[in-house]
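Contents: one structure, followed by commentary.
The values are calculated or read from the model by the stated rules, or taken from the named source; none is laboratory data. Bear in mind that the values here come from a model prediction, so they are computed numbers and not experimental data. Quick reminder, even Gly has a Cβ in these numbers, built from the backbone with ideal geometry, and neighbours come from all protein chains shown.
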């Protein structure tokens, strides 16, 4: 029998569902978070090995049916992994792994990072956004950051009351807090890989959604740029309807947001339901744009929406 590749995660423990809570503080370029991961332990183990990078884990425990085991973290920065050591053997079955952590909203354009733009008044504004492909979800939360470890995800964001927040799935509740923040809770996703999880928070605005056979589709932009959204929304609605008919498979999410990000290292990213774009490949003045510019927008939107099936669903 061959030894396990030390650069790959062991399969003795696998995630089933993540409940993720994040509190990004844009003016401090930092975030705190919690993860509650329902896991299946397939064989007796005394440690869990998962990915984490550039995070400080402030607490870790695993629980089930009244059992509670505090875990201690040992990091392997070279392999971007963390081992959570248990004081006794963890028996096979279903458990809940709870971790708490803090991190930086970095300027590397990967993980959970910060992006800036200048608004109409000349003020510099900050957006927090994510880019997890290919292996950067581990920069935002401890996770099984390999595509084969698919799970469902629930995301909750605590943000300043005047900010706008989006994630992969539809917003299901918003509650005010005593400190002038709000807590935005999103519906669970389908089963998918960690690199498709997405969050964008900041001074943003969204178009009114258009209904595409029961799927609401919006364009989300930095404030002051919604006048450049009409073409993208029209193309997105047409492409979504066309692709669902072509595949003869319903769109696998519950909504589509096409999100313009000022600082973005790719052309676009196919996060389920929260597709992020370089601004110039989404926002366009249809009356003054060249044919080539319009064609680029059509190509990129269609490409990313096709990924909702090929790449996200399968």
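For region 166-176, a residue qualifies if it is within 11 Å of the chain's Cα centre (by Cα) and in a strand (DSSP E or B), and the qualifying residues are 166, 167. Scanning region 171-217 for residues that are at pLDDT below 95 and within 23 Å of residue 309 (Cβ to Cβ) turns up nothing.
The residues on offer are 83, 72, 116, and the sole one that is closer than 30 Å to residue 223 by Cα, in the same structural domain as residue 18 (by TED's automatic domain parsing) and modelled with pLDDT of 95 or more is 116. Residues in region 259-269 include none that are within 24 Å of residue 154 (Cβ to Cβ) and either loosely packed, with under 15 Cβ neighbours inside 10 Å or in contact with a helix residue (DSSP H, G or I) (Cβ under 6 Å, 6 or more places away or on another chain) (or both). When only residues in region 177-198 that are part of a strand (DSSP E or B) and within 13 Å of the chain's Cα centre (by Cα) count, which is nearest to residue 244 (Cα to Cα)? Step by step, filter region 177-198, then rank; the result is 192. Look at (1) surrounded by fewer than 21 Cβ atoms within 10 Å (Cβ to Cβ); (2) at pLDDT 95 or above; (3) in contact with a helix residue (DSSP H, G or I) (Cβ under 9 Å, 6 or more places away or on another chain); (4) closer than 25 Å to residue 211 by Cβ and you find that residue 286 fails only one, number (2).
Go through the residues of region 199-208 one by one and say whether even a single one is part of a helix (DSSP H, G or I) and closer than 30 Å to residue 81 by Cα.
No, every residue in region 199-208 fails to be part of a helix (DSSP H, G or I) and closer than 30 Å to residue 81 by Cα.
Being outside any helix (DSSP H, G or I), within 25 Å of residue 30 (Cβ to Cβ), modelled with pLDDT of 95 or more and not assigned by TED's automatic domain parsing to the domain that holds residue 126 is a property that holds for residue 220.
Consider region 15-43 and keep the residues that are touching a strand residue (DSSP E or B) at 6+ places or on another chain (Cβ under 8 Å) and not in a strand (DSSP E or B). The one that is surrounded by the most Cβ atoms within 10 Å (Cβ to Cβ) is 26. Against the condition at pLDDT 95 or above, surrounded by 19 or more Cβ atoms within 10 Å (Cβ to Cβ) and under 30 Å from residue 121 (Cβ atoms), how does residue 230 come out, does it pass? The answer is no for residue 230. If the condition is being closer than 15 Å to residue 9 by Cβ and outside any loop (DSSP other than H, G, I, E, B), then region 123-149 contributes 137, 138, 143. The residues on offer are 211, 299, 312, 285, and the sole one that is under 24 Å from the mean Cα position of the chain (by Cα) and either assigned to a loop (DSSP other than H, G, I, E, B) or farther than 28 Å from residue 110 by Cα (or both) is 211.
Being touching a residue at least 12 places away in the same chain (Cβ under 8 Å), over 24 Å from the mean Cα position of the chain (by Cα), in the same structural domain as residue 183 (by TED's automatic domain parsing) and within 23 Å of residue 188 (Cα to Cα), is that true of even one residue in region 36-45?
At the first step, the residues of region 36-45 found to be touching a residue at least 12 places away in the same chain (Cβ under 8 Å) are 36-45.
Filter again for over 24 Å from the mean Cα position of the chain (by Cα), leaving 41-45.
Narrowing further to those that are in the same structural domain as residue 183 (by TED's automatic domain parsing): 41-45.
Subset that is within 23 Å of residue 188 (Cα to Cα): 41.
Yes, region 36-45 contains a residue that is touching a residue at least 12 places away in the same chain (Cβ under 8 Å), over 24 Å from the mean Cα position of the chain (by Cα), in the same structural domain as residue 183 (by TED's automatic domain parsing) and within 23 Å of residue 188 (Cα to Cα).
Here 234, 208 are screened, and the one residue that is touching a strand residue (DSSP E or B) at 6+ places or on another chain (Cβ under 9 Å) and more than 19 Å from residue 270 (Cα to Cα) is 208. Identify, by number, the condition in (1) closer than 23 Å to residue 187 by Cα; (2) outside any loop (DSSP other than H, G, I, E, B); (3) over 16 Å from the mean Cα position of the chain (by Cα) that residue 257 doesn't meet. So the condition that residue 257 fails would be (3). Is it the case that residue 156 is touching a residue at least 40 places away in the same chain (Cβ under 8 Å) and surrounded by fewer than 17 Cβ atoms within 10 Å (Cβ to Cβ)? When the stated conditions are applied, residue 156 does not pass them.
One residue stands out in region 107-122 among those that are outside any loop (DSSP other than H, G, I, E, B) and touching a residue at least 12 places away in the same chain (Cβ under 8 Å): the one that is surrounded by the fewest Cβ atoms within 10 Å (Cβ to Cβ), namely 116.
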